[in-house]
Amino acid sequence: MFITLEGPEGSGKTSHLKPLAEWLAGQGYRVHTAREPGGTSISEQIRAVIHDLKNTEMHPRAETLLYQAARAQIVEQVIRPKLAEGFIVLCDRYADSTLAYQGYGHQQDLEQVRALIRYATGGLIPDLTILLDVDVEVGLKRKTKNVSEWNRLDAYTLEFHQRVRTGYLEMAKQEPGRWAVVAASQGWEDVQADLRARILSV
Ligand code: TMP
């Protein structure tokens, strides 16, 4: 099973991934965790280029393509093989991040972005995608507390991040069979309990 966690900045998804994986392993499942962009040597190198605060001149199309290159590599090198071996793959961000950030955020043509995603992933779609939904200003404020994690995309405007959140909510509404929305404004324990319940319901 392929499960992805999505959300705007500061939604807390990264802090939930490891405990979720440990809980699943405790239930007897073999679990592999990954993050995007990254998860392979090539994808981590691409991540460094995309997120480098110095790369202010990066065009949205270049940004979109770099994410797809990083994704194609992790899909073929890690995700597909792990799924084939019977692992549950739990991924911190995946293709829906591209639709939310590069599609809705940068206001690029969604159909063109979808076509690029299909090419990059070879058509691999998650079985379950959980959106950790958080108010944009609350999320960004949370993230500024940890400056070491601040990347080039965090520095985009508030309006950009608001479009990202709207995009996520729209995608979740359009495809309710795959998406589940969890309110990230709850306490950490409640969010974790919600995440577990959503996974058990698949
Ligand atoms: P994170 O590791 O803190 O979630 O940072 C990843 C950043 O990359 C975050 O700002 C969202 C962004 N991103 C995209 O814009 N498009 C993508 O396809 C992916 C995977 C991430």
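The values are calculated or read from the model by the stated rules, or taken from the named source; none is laboratory data. Being a predicted model, the structure only gives us computed values, none of them experimental. Cβ coordinates were reconstructed from backbone atoms using ideal geometry, including for glycine residues, and neighbour counts include every protein chain displayed. Keep in mind that these areas ignore ligands, DNA and RNA; they rest on the heavy atoms of the full protein, side chains included. Shrake-Rupley method; radii C 1.70, N 1.55, O 1.52, S 1.80 Å.
Residues whose amide H falls under 5 Å from that of Ile88, counting only those 5 or more places apart or on a different chain, are Arg30, Val31, His32, with hydrogens built in the peptide plane.
When the residues Asp96, Asp194 are ordered by accessible surface, computed with a 1.4 Å probe over the protein chains alone, the sequence from largest down reads Asp194, Asp96. At q = 0.08, 0.11, 0.12, 0.17 Å⁻¹ the log10 of I(q)/I(0) for the stretch 2-200 amounts to -0.24, -0.47, -0.57, -1.23, computed by Debye summation with a single uniform scatterer per C-alpha, solvent ignored.
The candidates Leu140, Leu110, arranged from most to least accessible area with a 1.4 Å probe in the full protein assembly, appear as Leu110, Leu140. Remark: spin-label model distance Ile42-Arg118 equals 2.3 nm, labels positioned 7 Å along the Cα→Cβ axis. The length gained on full extension between Asp52 and Phe160, counted as 0.36 nm times the residue separation minus their Cα-Cα distance, comes to 37.0 nm.
When each of the peptides 30-43, 112-125 is scored by how many other beta carbons lie within 10 Å of its residues on average, the order from highest to lowest is 30-43, 112-125. Close amide H contacts of Thr4 (hydrogens built in the peptide plane, cut-off under 5 Å, sequence separation of 5 or more or a different chain): Cys91, Leu128, Thr129, Ile130. Across the stretch 128-142, rounded Karplus estimates of 3J(HN,Hα) from the backbone phi angles (6.51 cos²θ - 1.76 cosθ + 1.60, θ = phi - 60°) give 9, 10, 9, 8, 8, 8, 9, 4, 4, 5, 4, x, 5, 5, 4 Hz, Gly and Pro being marked x. Would you be so kind as to identify which of Thr40, Thr166, Leu200 lies farthest towards the positive end of the dipole of the stretch 2-200, taking Lys and Arg as +1 and Asp and Glu as -1 on Cβ and the Cα centre as origin? Farthest towards the positive end: Thr40.
About its Cα centre, the dipole of the stretch 2-200 is roughly 280 debye, where the only charges are +1 on Lys and Arg Cβ and -1 on Asp and Glu Cβ.
Think of a 1.4 Å ball rolled over the protein heavy atoms: the chain then has 48 Å² of accessible area per residue. By the helix-only formula, in which each DSSP H run with n ≥ 4 contributes -39500 (n - 2.57) and the sum is divided by residues, the chain has a 222 nm mean residue ellipticity of -15000 deg cm²/dmol. The trypsin sites (Lys or Arg not before Pro) of the stretch 130-177 that DSSP puts in a loop, and whose beta carbon has at most 15 other beta carbons within 10 Å, are Lys145.
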